[in-house]
Amino acid sequence: MAQVEVYLIRAFSIAGQGGNLAGVVLNADSLTEPQRQFIAQQVGVSETAFVSKSDKADFQVSFYTPTVEVDFCGHATLSTFWLLHHFQSIAAGKYRQETKAGVLDVDVALNGDILMSQSLPTWFDEFSAQEIAPLLGIAPSLILQTGLPIQAISTGLIDLMVPVPYGVLDCLEVDHEAITRFCQQHQYVGFHVFEMNPQESAYTASCRNFAPAVGIPEESATGSSSGALACYLNRRFGYQQAIFEQGRAMEMSSRLVTQLTIDKEELTQVQVGGEGAFYKKVVIEEL
């Protein structure tokens with residue numbers, strides 16, 4: 001029975017508080033897939049990252065929820081590279097990580113903040129307010145009054161972008177079982193529900209993310225979904241930069257910064273970033 005150290009990091013934190021906890025296991029080359037899944041289940045946070053050697057990039061990183069491996073995770077990527085910099089294993093600079101969503105770039109700032117590249121967006125189906133509103137416990141008319149579509153998008157993982165009017169986000173009555181069935185049927189990860197904020201707000205939009213189909217009833221910061229939402233808002237409003245708030249309803253407020261690069265009217269890069277903070281270390285008895 002070997003012991004495995006797991007570092008819990010607050011990703012997308014605000015002044016060291018809030019954020020979204022991710023587990024990070026360094027030097028994970030010898031761990032099997034069942035062992036990684038067991039560790040992620042024992043840790044119990046939404047995602048745990050396992051860092052190994054790579055012959056394609058600087059690191060190979062795999063991501064596990066408590067119930068399943070996923071192709072990519074934004075907040076666990078931020079946590080991984082923040083921790084590597086915190087331990088002085090890497091200096092500020094540009095790095096590449098090999099994931100199941102592809103080989104992706106990660107920038108590490110001098111202060112340890114992380115800006116990570118995601119896949120360019122893939123656009124999937126749109127859905128009616130009549131179909132989606134009951135799953136969130138609201139009237140379809142509320143979604144319709146935003147004038148925005150409900151659409152599935154992926155910049156690494158497929159999430160459904162769902163607009164609601166300002167002031168409605170904290171009033172949802174979410175049917176987790178129905179969302180699970182919907183996501184399993186369409187092979188989506190979850191719902192990313194957002195409200196646009198007034199211009200004077202520090203945040204472009206406030207968000208909530210529900211992914212019960214992969215063991216996450218609600219998440220306080222979702223990097224992959226933020227990249228997808230940034231692309232959605234760019235297509236609708238032309239934004240190239242956006243700052244999102246998430247986790248308010250969970251009392252774990254998080255700040256996620258997004259940056260899109262446009263070259264000759266074509267989107268060439270999607271980046272999501274923020275700060276990290278150390279929370280604690282736990283030790284798992286690995287099978």
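The values are calculated or read from the model by the stated rules, or taken from the named source; none is laboratory data. Remember, predicted model here, so these are calculated numbers, not experimental data. Reconstructed Cβ throughout: ideal geometry from the backbone, glycine too, with neighbour counts over all protein chains shown. These area figures cover heavy atoms from the full protein model, side chains too; ligands, DNA and RNA do not enter into them. Shrake-Rupley method; radii C 1.70, N 1.55, O 1.52, S 1.80 Å.
Observations on the structure shown:
- One residue from Ile216, Ile262, Ile284 being over 14 Å from the mean Cα position of the chain (by Cα), over 22 Å from Pro149 (Cβ atoms) and among the β-branched types (Val, Ile, Thr): Ile284
- Subset of the stretch 156-194 (residues that are open to solvent by less than 30 Å² (accessible area, probe 1.4 Å) and either aromatic (Phe, Trp, Tyr) or part of a strand (DSSP E or B) (or both)): Asp159, Leu160, Met161, Val162, Pro163, Phe182, Tyr188, Gly190, Phe191, His192, Val193, Phe194
- Filtering the stretch 238-284 to residues that are open to solvent by 40 Å² or more (accessible area, probe 1.4 Å), polar (S, T, N, Q) and farther than 13 Å from Tyr203 by Cα leaves Gln240, Gln259, Thr261, Thr268, Gln269.
- Residue-level check: of (1) among the small types (Gly, Ala, Ser); (2) more than 17 Å from Asp105 (Cβ to Cβ); (3) open to solvent by less than 10 Å² (accessible area, probe 1.4 Å); (4) in contact with a Ser or Thr (Cβ under 7 Å, 6 or more places away or on another chain), Gly227 misses just (2).
- Residues located in the stretch 254-278, provided they are over 13 Å from Ser117 (Cα atoms) and touching a strand residue (DSSP E or B) at 6+ places or on another chain (Cβ under 6 Å): Ser254, Arg255, Leu256, Glu275, Gly276, Ala277
- Residues of the stretch 204-224 that are more than 16 Å from Leu157 (Cβ to Cβ) and either surrounded by fewer than 18 Cβ atoms within 10 Å (Cβ to Cβ) or touching a Cys at 6+ places or on another chain (Cβ under 6 Å) (or both): Pro217 alone.
- The set of residues from the stretch 19-54 being within 30 Å of Glu245 (Cα to Cα) and among the β-branched types (Val, Ile, Thr) comprises Val24, Val25, Ile39, Val43, Val45, Thr48, Val51.
- Listed by first and then second residue, the pairs with beta-carbon distance under 6 Å, at least 6 apart or on different chains, first residue in the stretch 87-112 and in a loop (DSSP other than H, G, I, E, B), second open to solvent by 60 Å² or more (accessible area, probe 1.4 Å), are Ala92/Leu110; Lys100/Asp71; Ala101/Asp71.
- Residues that are free of Cβ contacts under 8 Å to residues at least 60 places away in the same chain and acidic (Asp, Glu) were ranked within the stretch 217-250; the one that is nearest to Glu195 (Cα to Cα) is Glu245.
- Conditions (1) open to solvent by 60 Å² or more (accessible area, probe 1.4 Å); (2) under 26 Å from Val45 (Cα atoms); (3) at pLDDT 95 or above; number of the one not met by Asp71: (3)
- The residue of the stretch 19-60 that is modelled with the lowest pLDDT, among those that are crowded, with 24+ Cβ neighbours inside 10 Å and among the small types (Gly, Ala, Ser), is Ser46.
- Of the residues making up the stretch 124-133, none is surrounded by fewer than 17 Cβ atoms within 10 Å (Cβ to Cβ) and closer than 18 Å to Arg208 by Cα.
- Candidate set from the stretch 1-22 (those that are touching a residue at least 60 places away in the same chain (Cβ under 8 Å) and touching a helix residue (DSSP H, G or I) at 6+ places or on another chain (Cβ under 7 Å)); member that is nearest to His75 (Cα to Cα): Ala11
- Condition met for Thr155 (under 15 Å from the mean Cα position of the chain (by Cα) and at negative phi): yes
- Criterion (on the phi > 0 side of the Ramachandran plot and either touching a Phe, Trp or Tyr at 6+ places or on another chain (Cβ under 6 Å) or open to solvent by less than 50 Å² (accessible area, probe 1.4 Å) (or both)) met by exactly one of Gly147, Gly137: Gly137
- Residue-level check: of (1) part of a helix (DSSP H, G or I); (2) under 17 Å from the mean Cα position of the chain (by Cα); (3) modelled with pLDDT of 95 or more, Ser224 misses just (3).
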